[in-house]
Amino acid sequence: MFTFARFSKSSLVLDSFDKIALFALTVLISYLSWRYVEQPFRGDRLVTTREAAFRLAGLSTVLLLAGSAGAIAVSRTPSDADRLALQLSSYNDYDFQPLYRAGSCFAPLSGVFDDSCLALAPGKTNVLLWGDSLAAHYLSGLSKVADPQSVNILQATQAGCMPTFNAVAQGLASCRGFVGQMEAFFRDRKPDLVILAADWLEYARPPRFGGMIADLKQTISRLDGSGVSVILLGPAVQFRSRLPSMLMRARLRHAEARAEDFVLPDIFALDQMMKAALPAQARFSYISVVDALCPVRQCPLTIDGGIPLAWDHAHLTAEGSVYVMDRLAPMLGLKRK
C-alpha cells in the first residue's frame with residue numbers, strides 16, 4: 001500500500017499525514033483479511049471437503065491463466081507508454097563516465113589527476129573547473145559552449161569533496177589528498193578563472209552552513225590575493241527523486257509533470273542564503289544557477305523533445321549540461337563557439 005501510494009503522487013514523497021492514514025488503513029485491512037478470509041478457511045466454513053477445495057483451486061487457476069493469456073496478447077503491441085518507459089528507464093544505466101572524464105580528471109583511480117587535466121595553455125584563457133560530481137557534470141556543456149580556440153578548460157573534480165583549501169574539514173581521505181593536489185597546483189600555476197561548483201546542499205546541512213561559508217571565503221580570498229578570478233556556481237537544480245523515474249510515473253498516471261512537484265524546494269532557500277553570505281568582490285562573482293534556469297521557480301524538467309534535464313536526482317545529462325551552460329555562459333564571460 002505504501003508503494004502504490006508513493007506511485008500515485010507526482011513527487012513520490014509521502015508526507016506525515018499520508019503515512020499515518022496508510023498505517024491506520026493497513027491495520028484495518030489486516031483485521032478484515034484475518035477475520036473474513038483467514039478465519040473462514042481455518043474453520044472449514046468456505047471449503048468443507050477436499051473436492052470443494054480442488055474445485056476452488058481449479059477455478060482460480062483457470063481465471064489466472066486466462067488473465068495471463070489476455071495480458072500477453074495485449075502486450076505484444078507496444079504502446080506509446082511502453083516506448084516512453086523504455087526510453088526513460090535507459091537512464092538507470094546512464095554512462096556518465098566519459099562526460100566527466102572519470103578515472104583521469106574525475107575521481108582518478110590512482111588518486112592523482114592526469115597531467116592533461118591541469119595543463120595550462122599559453123595564449124588561451126585558462127579556466128579551472130574545481131569541485132565534486134556536481135562540478136564535473138558541467139564539463140560536457142562547458143566544452144560544447146566555450147570556444148576551444150581561445151578557452152582552455154582544466155578540470156579537478158573528486159566525488160564528495162568540497163572545493164576549498166581546508167583539508168581538516170574534508171571527511172574523506174581521498175578529499176584530503178585532493179586538497180593537497182590543489183595546494184601544489186596553485187603554488188606554481190595561475191589559471192585566469194576558477195569555477196567552483198559542488199553539492200552545496202550536502203555540505204551546508206545543519207549545522208554546517210557557517211563552516212562551509214567560512215571555508216569558501218578563505219579559499220576565495222586566497223585565490224583573489226594571488227590574482228585569480230573566481231566564480232562560484234550556486235546550488236544546482238535538484239529533484240525529490242530520480243527525475244526519469246518521476247517523469248515515467250507521471251506519464252503512466254496521465255498526470256501533469258509540474259516543477260513544483262518534482263523540484264526539491266531546499267535549493268531555493270540555500271541559494272538565497274549563499275548569495276547573501278558571499279557578496280561580490282573585485283575578482284569574485286556568485287552566479288545563481290536556479291535564477292538562470294528557474295524563473296518563478298519553474299525549473300525545466302525535460303529538454304530537446306523529452307530528454308530529462310538530469311539522469312538521476314541532480315546530475316545533468318549531456319544535453320542537460322549543454323542546456324545549462326548555454327544559459328550560464330554569458331555570465332561566465334567566456335568566448336563562445
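The values are calculated or read from the model by the stated rules, or taken from the named source; none is laboratory data. Because the structure is predicted, anything quoted here is derived from the model rather than measured. Methodologically, a virtual Cβ is constructed for each residue, glycine included, from the backbone with ideal geometry; neighbour enumeration extends over all protein chains shown.
Observations on the model:
- Considered as a group, the residues in region 13-40 that are of a type outside the set (A, V, I, L, M, F, W, C) and closer than 29 Å to Met246 by Cα include one that is farthest from the chain's Cα centre (by Cα), and that residue is Thr26.
- Taken together, Tyr91, Tyr100 contain a single residue that is modelled with pLDDT of 95 or more, in contact with a Phe, Trp or Tyr (Cβ under 7 Å, 6 or more places away or on another chain) and not small (Gly, Ala, Ser), which is Tyr100.
- Restricting the search to helices (runs of 4 or more DSSP H) fully inside region 15-79 and requiring at least 2 residues that are modelled with pLDDT of 90 or more gives 16-33, 50-75.
- Residue identified as over 23 Å from Cys299 (Cα atoms) and either touching a helix residue (DSSP H, G or I) at 6+ places or on another chain (Cβ under 6 Å) or at pLDDT 95 or above (or both) among Asp199, Asp215: Asp215
- Flag if Gly171 is modelled with pLDDT under 95 and under 26 Å from Ile220 (Cβ atoms): yes
- Tally of residues being touching a residue at least 60 places away in the same chain (Cβ under 8 Å) and in a helix (DSSP H, G or I) across region 270-311: 4
- Inspection of region 168-176 identifies at least one residue that is in a helix (DSSP H, G or I), over 26 Å from Leu334 (Cβ atoms) and either touching a His at 6+ places or on another chain (Cβ under 8 Å) or among the aliphatic types (A, V, I, L, M) (or both).
Residues are listed down the side, and each one gets a yes or a no for (1) under 23 Å from Ile287 (Cα atoms); (2) of a type in the set (Lys, Arg); (3) crowded, with 19+ Cβ neighbours inside 10 Å; (4) touching a helix residue (DSSP H, G or I) at 6+ places or on another chain (Cβ under 9 Å):
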| site | (1), (2), (3), (4) |
| --- | --- |
| Gly141 | yes, no, yes, yes |
| Lys144 | yes, yes, no, yes |
| Ile153 | yes, no, yes, yes |
| Cys161 | yes, no, yes, yes |
| Asn166 | yes, no, no, yes |
| Leu172 | no, no, no, yes |
| Val179 | no, no, yes, no |
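- Check on Ala119, in contact with a Leu (Cβ under 9 Å, 6 or more places away or on another chain), loosely packed, with under 14 Cβ neighbours inside 10 Å and farther than 19 Å from Leu332 by Cβ: yes
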